[in-house]
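Student: One structure follows; several queries about it will come next.
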Amino acid sequence: TRADAALADGTTTRPVACTTWPLRGPGGGPLGAVAVLSDLTPLKSLEAERRRAERMACFQVLASRLAHEIKNPLVAIKTFAQLVGHRRDQAFVDHFNRIVTREIERMERLLGRLRTLSQAGDGPRSRMDVRGPIREALEFLQPSFEDRRVAVRASLGSEPRVVVGDPGELEELFLNLLTNALEATPPHGLVSVDVAAGEASVTVSVADTGPGIPDGLLERIFDPFFTTKRGGTGIGLTICTGIAAAHRAKLRAANRPAGGAVFTLELPLADPDSART
């Protein structure tokens, strides 16, 4: 058997592993035991160094991506601001107001998504019908579906599917999944949303009729900052993953045999006796 422990000599404390084996006599009877203590200090130091390196690598990726995403709108704002003193015509002023407002809203959206990523799991949880945030997300995106000439079919069932969760966070999750499906679907294609309940869980599926996910990317699409979309931030599915984890749910991605991708979210059904957690 093996057990990890910490030993102190009065000045320092070292992590150690204690491994024991039974010691038996010629007849097989127990004579005692052999214990071997292994100093884990070098191993723990290497593990701590690896964790620091991983955190630094994540920070560097985050800093690089944020710098890129914020630099583009700032360049546009700076350029127009420098021209204000030389241009006084109303057409330029109107164009300036439109561009600057758009770029500021772009930065606000980025910061809002980062805030969602950092705060997932902090909100209150209560009993709710999971179909509610799905309907809200579909209603919000309906004009976008019409503009891109993409049909949407929702099969949510007639019975409430009660989970314990945060409606705002789940709506953000479904908005991300539906937006990705919409952007992947060509005109006259179809995005479908299905809700199916089992004995202990409810599964929400969002499927599209786009080109699907390349096999080599299926395992990477949930990685932070990974994106195949031009101009994408690569944090949408990361936000979805964080929200799913905060709701004790499982989020998966796959390609459909008939073509297109499907994302499934499996949420535990609420205990009938639970009120709030």
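The values are calculated or read from the model by the stated rules, or taken from the named source; none is laboratory data. Predicted, not measured: the structure shown is a model, and the values here were computed from it. Glycine gets a Cβ as well: all are built from the backbone with ideal geometry, and neighbour counts include every protein chain shown. In case anyone asks, the SASA skips ligands and DNA or RNA and just uses the protein heavy atoms, side chains included. Shrake-Rupley method; radii C 1.70, N 1.55, O 1.52, S 1.80 Å.
Student: In segment 7-20, is there at least one residue being modelled with pLDDT of 85 or more, assigned to a strand (DSSP E or B), loosely packed, with under 12 Cβ neighbours inside 10 Å and more than 37 Å from the chain's Cα centre (by Cα)?
Tutor: No; the residues of segment 7-20 include none that is modelled with pLDDT of 85 or more, assigned to a strand (DSSP E or B), loosely packed, with under 12 Cβ neighbours inside 10 Å and more than 37 Å from the chain's Cα centre (by Cα).
Student: Going through segment 31-48 one residue at a time, which ones are of a type in the set (A, V, I, L, M) and either open to solvent by 80 Å² or more (accessible area, probe 1.4 Å) or in a strand (DSSP E or B) (or both)?
Tutor: Leu31, Ala33, Val34, Ala35, Val36, Leu37, Leu43, Leu46
Student: Right, here's the next one. Can you say whether Arg88 is over 30 Å from Arg248 (Cα atoms), outside any helix (DSSP H, G or I), at pLDDT below 75 and not β-branched (Val, Ile, Thr), as far as the supplied structure shows?
Tutor: Yes, satisfied.
Student: Now for a different question. Restricting attention to segment 133-155, which residues are over 20 Å from Pro187 (Cβ atoms) and crowded, with 18+ Cβ neighbours inside 10 Å?
Tutor: Pro133, Ile134, Ala137
Student: Residue pairs, Cβ under 8 Å, 6 or more apart or interchain, first in segment 28-40 and within 19 Å of Ala5 (Cα to Cα), second acidic (Asp, Glu). List them.
Tutor: Listed pairs, sorted by first residue: Leu40/Asp4.
Student: Still on this structure, please answer the following. Any chance segment 55-68 includes a residue that's at pLDDT below 80, among the hydroxyl-bearing types (Ser, Thr, Tyr) and closer than 27 Å to Asn176 by Cβ?
Tutor: Yes; the residues of segment 55-68 include at least one that is at pLDDT below 80, among the hydroxyl-bearing types (Ser, Thr, Tyr) and closer than 27 Å to Asn176 by Cβ.
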